[in-house]
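As structure tokens, the structure follows; a few thoughts come after it.
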Amino acid sequence: MQEENIVHRPLFKLSILSISLMTMIAPAISSALPLMYGSFKGETETAVETLVTVPNFGIIVFLFLSTFVIKLIGGKNTVIFGLLLALVAGIIPVFSNDYALVFVSRFLLGSGIGLFNSMCVSLIARFYKGDELSTMMGFQGATGSLGGALGAFLVSWLVTLGWHQTFLIYLIALPIMALFIFCIPRQLLNEGKSVSSSGKQVSSNSGKQTINLPVWGLSVLIFLVFAFFLASQLQLPALVTAKRIGSLSQVSVLNGITTLFGIPIGAVYGKVSKFLKNLTLSAGFLFAALGFSLIAFGSDLLIVGLGAIVSGVGFGLMVPSIYVWMAKVAPKNSENLASTVLLVTTNIGVFACPTILNFLGGLFWTAGAQSSMLVAMIAFIVMFVISIFSIFSFKTRNKKEIV
């Protein structure tokens, strides 16, 4: 079969999407923390909890370095090396009780993921256009959610064997690596030419990559989306406890269901965006605002749970929309750098979330779970209003220019 038809093969698409399974799996071992506290003598609970978040630092550092590594050893080798590093570093805690070694291994796990994280999006942006691009971006988001949910459910079983065993979830990198080795032709990623969905070869990774103003604007937007949306995960346990409407175990189940709900949303994103067109991102903001209003004002677990699911639908529309826009507005041959910038600001948004929520919540109310949900609700209402105003202003301006 001719090389230009390879990108349409189901196995090729599956291999490209499979690396996204690793993007949300790093924090999946968090439910094993209570068992880990007593294993690291002399370490505080905060220090042990850092083992959950330190992979994000590795991701940020190696997102910056990934562009240079790709130029040095090629795209396919970079993905394979990243998966191998994530695999080896991920399972080191299975065999060790040494805090320093586990800490370093967790950083290296994030480093491995960071090497190919931007390529999860940039490869799709390079190979596909139009409706196929939207569909693949939706599947990419769904695959990330599937990885997080799969990791969480595996940990729920492995944790019964002990906290060491929970780190066996990172063995999932092995079949992903096999898929990428045998199903992705090296020349498509390494020879400076890629194949678009139209069947034409186009240059890629050639020349200097640049970032334009629209990409910087999208990076700020995705920072805000993650900084406010993470309130539903970080503050939900405290909110449910404060309202006395459920237990922490019920919250854990709810978070798992919400994560799983993102899979069908991502799967149908292409069809939704084809129907809503430019209003898809605005719809995401609206769903997120409605979800957080239900969470903030809900008086029982059913309403709060419904709010978490509705906000999750919004999240499933917002993130793919931002990456689709990135693929459209990024300078030619700069998709990898553009997606790297968005991923870096995403991780910064995750880290900044507690600080931003507590600051704004304390500014208008008393800092706490309830005020954090209200802040997130208002933030997404503002984003919705601005997006609608921008869309209609653009349409009005274009009509005047035509007249």
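The values are calculated or read from the model by the stated rules, or taken from the named source; none is laboratory data. In this text, all values refer to a predicted model and were calculated from it rather than measured experimentally. Note: ideal-geometry Cβ built from the backbone for every residue, glycine included; neighbour counts use all protein chains shown.
Quick check on segment 64-80. Is at least one of its residues at positive phi and modelled with pLDDT of 85 or more?
At the first step, the residues of segment 64-80 found to be at positive phi are 74.
If we keep only those that are modelled with pLDDT of 85 or more too, we end up with 74.
Yes: segment 64-80 contains one or more residues that are at positive phi and modelled with pLDDT of 85 or more.
Checked against (1) buried (at least 21 other Cβ atoms within 10 Å of the Cβ); (2) at pLDDT 95 or above; (3) not β-branched (Val, Ile, Thr), LEU101 passes all but condition (1). Working only within segment 317-333, note down all residues that are within 18 Å of THR345 (Cα to Cα) and assigned to a helix (DSSP H, G or I). MET318, VAL319, PRO320, SER321, ILE322, TYR323, VAL324, TRP325, MET326, ALA327, VAL329, listed by residue number.
Pairs please, first residue from segment 87-113 and over 15 Å from MET22 (Cα atoms) and in the same structural domain as GLU45 (by TED's automatic domain parsing), second anywhere and of a type in the set (D, E, K, R) and surrounded by 15 or more Cβ atoms within 10 Å (Cβ to Cβ), Cβ atoms under 9 Å, 6+ apart in sequence or on different chains. That search, which allows pairs on different chains as well, returns ILE92/ARG106; PRO93/ARG106; TYR99/GLU43.
Quickly run through segment 167-189 and pick out the residues that are outside any loop (DSSP other than H, G, I, E, B) and surrounded by fewer than 16 Cβ atoms within 10 Å (Cβ to Cβ). Before you say what the answer is, go through the steps one by one.
Step one: list which residues in segment 167-189 are outside any loop (DSSP other than H, G, I, E, B), which gives 167-183, 186-189.
Selection gives LEU171, LEU174, PRO175, ALA178, ILE181, PHE182, ARG186, GLN187.
Only one of the listed residues (LEU317, LEU301, LEU343) is of a type in the set (A, V, I, L, M) and farther than 18 Å from ALA227 by Cα. That residue is LEU301. Helices (runs of 4 or more DSSP H) fully within segment 65-163 that include at least 1 residues being in contact with a Pro (Cβ under 6 Å, 6 or more places away or on another chain): 99-117, 130-158. Of the conditions (1) over 26 Å from LEU179 (Cα atoms); (2) part of a loop (DSSP other than H, G, I, E, B); (3) in contact (Cβ under 8 Å) with a residue 24 or more places away in the chain, LEU51 satisfies every one except a single condition; which number is it? Looking at each condition in turn, LEU51 falls short on (2).
Within segment 316-326, can one find any residue that is aliphatic (A, V, I, L, M) and farther than 18 Å from PRO214 by Cβ?
Start the filter on segment 316-326 by keeping residues that are aliphatic (A, V, I, L, M), which leaves 317-319, 322, 324, 326.
Still in the list and also farther than 18 Å from PRO214 by Cβ: 317.
Checking segment 316-326: at least one residue is aliphatic (A, V, I, L, M) and farther than 18 Å from PRO214 by Cβ.
Taken together, the residues in segment 22-48 that are over 20 Å from ILE172 (Cβ atoms), in a helix (DSSP H, G or I) and of a type outside the set (Asp, Glu) amount to 7.
Contact map, segment 375-403: residues that are hydrophobic (A, V, I, L, M, F, W, C) paired with residues that are assigned to a helix (DSSP H, G or I) and at pLDDT below 85, Cβ distance under 7 Å, separation 6+ or inter-chain. Pairs shown: VAL375/LEU357; ALA376/ALA231. ALA227 - would you say it is touching a Gly at 6+ places or on another chain (Cβ under 8 Å) and either modelled with pLDDT of 80 or more or not assigned by TED's automatic domain parsing to the domain that holds LEU51 (or both)? For ALA227, the condition - touching a Gly at 6+ places or on another chain (Cβ under 8 Å) and either modelled with pLDDT of 80 or more or not assigned by TED's automatic domain parsing to the domain that holds LEU51 (or both) - is met.
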